[in-house]
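Read the structure below first, then the notes.
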Amino acid sequence: MGRMQFDQEALQLHFAGKKIGCRLHYEETVDSTNRVAMELAQGGAPEGTVVLADRQTAGRGRLQRSWQSPPGCNLYLSIILRPAIPPRDASQITLLTGVAVTEAISAVCPGRVGIKWPNDLLISGRKVCGILAETKMAKDVIDSVIVGIGLNVNIKKADFDPAHRETATSLLEETGRDHSREDLLLLVCERFEVWYEIFLHDGFAPVRDGWLARTEMAGKRLRVLFRDEVREGAFDGIDKDGALLIADEQGAVSRITAGDATIMK
Ligand code: BT5
């Protein structure tokens, strides 16, 4: 009812000749674009296939958490990849995606977007985007990696679930105006394609540099929670594989490969 839908024809035209977006699979409502993408990947969908939805009824975060996905305002997409990389490097794709999406959003919010390890993009300390990369193995090699991106574009503060209203934000809230979801989708896919090519050709080192240049964590104290273990320390970068490094008072550095990090005031 007056709500803007995606202009699929225009999107198809813009995606012509691109690797990321070579196929566009749009559905108005899905449970989860990652779930749909996984199914398409299993059926042989090529690398670069993008699954896009206006709304998700069971949008997923990490560890059984959910991603609030109301219709008509945000971007929910998943990209199918088939990288010829060792399985242990798959998590680097999350970091790569953070760099790419930061660049894309910076077009409308210059200099204000920062990455929090491993998968959050923040503006003014609030989460504007979440990334969920899931890997499907075929024996001991990667069959596919599904990169899910949830970007809060035009959602109003009052429409966020109370549980994360104070920790979430949108491009609308941060810039005071509406943004075209199509333009942002194209920008996200374009920047993703650039960084993915860099990663495939030159490895993780340039991605790491890009990530360190855009992180929100530089110079901060962190608290990291993994399962039941809490660690506190000073941000000390990420290592050559993408693990988070934190230094304790004595200067001893721990290497963290998974978990949730909080930036302390
Ligand atoms: C994430 O998980 O941040 C990954 C989110 C990935 C969502 C995309 S949408 C397209 C694709 N299809 C899917 O099914 N998923 C992907 P995590 O780091 O676990 O953060 C989840 C937490 O963020 C929740 O527990 C809430 O506290 C908060 N949250 C939920 N919805 C949010 C939203 N729309 N904006 C900001 N924060 C939100």
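The values are calculated or read from the model by the stated rules, or taken from the named source; none is laboratory data. Being a predicted model, the structure only gives us computed values, none of them experimental. All Cβ positions, even for glycine, are placed from backbone atoms using ideal geometry, and neighbour counts span all protein chains on display.
Condition check for Val108 on (1) near the ligand (Cβ under 10 Å from one of its atoms); (2) buried (at least 18 other Cβ atoms within 10 Å of the Cβ); (3) among the aliphatic types (A, V, I, L, M): one failure, at (1).
Comparison of Ala205, Ala247 shows that the only residue that is modelled with pLDDT of 95 or more, farther than 30 Å from Phe6 by Cβ, in contact with a strand residue (DSSP E or B) (Cβ under 6 Å, 6 or more places away or on another chain) and among the small types (Gly, Ala, Ser) is Ala247. Does Thr29 satisfy the criteria of being exposed (fewer than 13 other Cβ atoms within 10 Å of the Cβ) and in contact (Cβ under 8 Å) with a residue 12 or more places away in the chain? For Thr29, the condition - exposed (fewer than 13 other Cβ atoms within 10 Å of the Cβ) and in contact (Cβ under 8 Å) with a residue 12 or more places away in the chain - is met.
When Thr29 is tested against the conditions (1) at pLDDT 95 or above; (2) out of contact with any Gly (no Cβ under 7 Å at 6 or more places or on another chain); (3) within 17 Å of Asp183 (Cα to Cα), the lone failure is (3). When you go through Gly61, Gly114, Gly98, Gly130 one by one, which is the residue that is near the ligand (Cβ under 9 Å from one of its atoms), farther than 13 Å from Val153 by Cα and at pLDDT 95 or above? Gly61 is the lone residue from the list that is near the ligand (Cβ under 9 Å from one of its atoms), farther than 13 Å from Val153 by Cα and at pLDDT 95 or above. Listed conditions (1) at pLDDT below 95; (2) buried (at least 17 other Cβ atoms within 10 Å of the Cβ); (3) among the charged types (D, E, K, R) are all met by Lys139, apart from (2).
Residues considered: Asp143, Asp161, Asp120. Of these, the only one that is near the ligand (Cβ under 8 Å from one of its atoms), over 18 Å from the mean Cα position of the chain (by Cα) and of a type in the set (D, E, K, R) is Asp161.
Within the stretch 59-83, being of a type in the set (A, V, I, L, M) and touching a helix residue (DSSP H, G or I) at 6+ places or on another chain (Cβ under 8 Å) holds for Leu75, Leu77, Ile79, Ile80, Leu81.
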